[in-house]
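Let me begin by presenting the structure, written as structure tokens, before commenting on it.
Rule-based calculations on the coordinates, nothing more; no lab input. Given the structure is predicted, the values throughout are model-derived calculations rather than measurements. Note that each Cβ is placed from the backbone with ideal geometry, even for glycine, and that neighbours are counted across all protein chains shown.
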Amino acid sequence: MDNSSSHQKCTKPKMDPYHDTCYNQNNATAICDISFNSASNYNMLYHQSGTFTDKSVKTNVADPKPIGNYIDKPRYKAIRKWKRLGKERSISNAEDLFLMRVLSFNILAQNLLEDHSYLYMNHNKKTLMWKIRKPLVIQEIIEAEANVICLQEMQEDHLLDFIIPFKQLGYDYLYKKRTNDKKDGLLLLYRSDQFTLVDYAKVELYQSGIELLSRDNVGIIAKFSLKDSPETQFVVATTHLLYNPKRNDVRLAQIQLLLAEIERIAFVENLTMDKAKYLPIILTGDFNLKPFSGVYKFLTEGSFEYHGKGRNLEPSSYRSLSNSLIPSRLCVTDNCQHFNILTQRLQREGTGKVMLENSEFPPQKDEKMSTSCNTKVLQQNNVNADTDRAQTIEIIQGHSAKFASGTLTHPFNMRSVYTHTSAHGEEATTHQEEWVTVDYIFYSNIQPIEKYTLLTVSQCKTLRRLPNFVVGSDHLSIGATFQLPKKKSLL
Ligand code: KL2
């Protein structure tokens with residue numbers, strides 16, 4: 001696991017075309033002067049951890065000492081292997097396939113850690129310092145050798161310093177801060193030597209005047225093409241949804257908006273009246289959802305009836321939710337599509353030739369999502385924007401759009417890379433009163449071939465607390481490798 005190159009300096013960028021050849025993971029390379037990479041160094045640090053003297057930091061002498069039962073870096077790395085999914089799948093035909101690895105990691109913004117310091121009372125204080133956490137987080141990310149990296153809780157005033165090693169390694173990035181007073185946001189890094197950014201949206205899930213959309217969460221959606229096969233395109237989206245464990249209704253509305261933007265960007269063409277072709281989609285991040293909760297079911301099953309459910313989206317005697325989740329004036333249908341885009345596609349193009357929204361335009365800087373309502377389009381199509389009543393609008397013969405029907409659907413076939421076997425999941429990505437899964441990689445129209453093995457709940461218990469001297473965040477990173485068939489150029 002350790003190797004002699006583990007102390008490379010940041011100044012030596014590693015530009016090998018690692019991904020097409022990286023299936024063999026023997027060359028994991030660390031950068032920066034992090035010396036936690038061997039057992040002896042790690043243990044030294046661990047044993048000293050109760051005796052650090054830093055004037056600004058009160059040392060936590062109450063920290064229990066035993067090391068035998070707790071995980072150390074080598075044991076942690078031994079569990080976190082890239083595991084092949086499915087036995088028979090081979091990676092022959094490598095010339096026709098691009099192997100794309102995605103990593104998602106909530107890196108714990110320092111300001112949120114400090115705002116919620118009561119959560120970290122029993123931690124060793126050193127493990128809470130950004131100058132200790134940052135190199136651990138960066139090392140973990142770089143060791144994964146991902147082509148696209150999606151980070152949540154990237155504090156804005158840490159960004160420029162944080163991305164230095166990634167720039168040296170050939171990554172470019174998109175950043176979107178959460179709205180209003182929030183200081184953290186999403187960072188999407190991608191290998192600019194391998195991908196061209198074709199289009200993107202930085203999505204604000206805050207929409208004024210709507211209670212379910214009054215939170216400051218955001219999303220980033222990026223459409224890429226392969227540099228060596230420009231017709232091969234895919235979409236990566238990341239988000240960090242509302243934390244409040246009770247408000248699954250808010251997360252459902254947030255996902256409806258995000259999916260509408262993904263639908264706009266991933267659309268290729270209409271196949272039949274009711275079926276469209278979409279690019280491969282990877283949707284990853286911190287959804288603050290448990291497996292099998294309402295929003296999880298919605299994503300993975302494609303349909304969810306919220307009408308009559310409680311705010312937690314469970315059957316409830318309170319029956320808080322009516323038939324209407326978000327107002328029709330937002331123009332987002334119950335199938336997570338922008339109504340105005342849908343009508344354009346169907347009316348202008350008949351049964352549907354290729355119509356890529358925005359495809360003629362270069363990405364605009366910091367564009368706002370285009371959910372602002374086009375009342376003219378609504379009026380022309382007899383949509384009543386001022387009612388909460390259910391509406392079914394026939395756009396052209398054979399194709400209708402619904403508003404406020406009490407059920408949401410979406411047009412993708414989304415699956416989770418990690419499989420979940422019980423309500424709490426046998427694996428976990430963070431600790432919130434108990435070890436739980438809240439981070440996911442969902443995918444549609446693309447085949448995963450590897451996943452970055454998570455820790456089971458009982459293995460998580462050996463981590464004791466997060467962050468620690470092994471993991472620099474309060475979440476574990478998640479990752480998967482997908483195979484993308486390269487499209488032959490028509491020329
Ligand atoms: O659970 V998280 O941590 O995905 O790791 O997302 C949120 C929480 C993040 C952004 O809002 O801040 C954390 N108690 C505990 N953690 C909280 C709370 C809270 N009341 N509010 C926000 N966070």
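Exceedance of the 32 Å cut-off in Cα-Cα distance is limited, within the set 451/486; 77/309; 73/487, to 77/309; 73/487. Over what distance in Å are the Cα centres of region 192-239 and region 269-325 separated? Taking the Cα centre of each part, region 192-239 and region 269-325 sit 19 Å apart.
Put the Cα centre of region 442-466 next to the Cα centre of region 120-181 and the gap is 19 Å. The ellipsoid that matches the Cα gyration tensor of region 174-240 has semi-axes, each √(5λ) in whole angstrom, of 29, 12, 7, with the longest given first. Magnitude of the charge dipole for region 91-159, about its Cα centre and with charges confined to Cβ atoms of Lys, Arg (+1) and Asp, Glu (-1), is about 440 debye. Legend: ranking of residues 262, 326 from fewest to most surrounding C-beta atoms inside 10 Å; resulting order 326, 262. Here the label points at residue 314 and residue 456, each 7 Å from Cα along the C-beta direction, are separated by 2.6 nm in the simple model.
List, in the order given, every pair from 125/461; 167/246; 176/461; 177/402 whose Cα-Cα distance in the structure shown is over 30 Å. As for pairs spanning more than 30 Å Cα to Cα, those are 167/246; 176/461; 177/402. Loop-resident trypsin sites (Lys or Arg not before Pro) (DSSP state other than H, G, I, E or B) in region 298-339 with no more than 11 further Cβ atoms inside 10 Å of their Cβ: 319. Using the Cβ of residue 404 as centre and a radius below 10 Å, the other residues enclosed give a net charge of 0, where K and R count +1 and D and E count -1.
For the residues 243, 306, what sequence is obtained by ranking on other C-beta atoms within 10 Å, fewest first?
Lowest count first: 243, 306.
Fewest first, what order do 150, 331 take by the number of other Cβ atoms within 10 Å?
331, 150
In a fully extended conformation the segment linking residue 122 and residue 381 would gain 87.3 nm over its present Cα-Cα distance, using 0.36 nm per residue.
How much length, in nm to one decimal, is gained on full extension between residue 396 and residue 272, taken as 0.36 nm per residue of separation minus their Cα-Cα distance?
43.4 nm
A cut-off under 11 angstrom between Cβ atoms defines the neighbours of residue 375, and their net charge, with Lys, Arg +1 and Asp, Glu -1, is +1. Taking a point 7 Å from the Cα of residue 216 along the Cα-to-Cβ direction, the residues of region 156-182 with backbone N closer than 16 Å to it are 156-159, 176-182.
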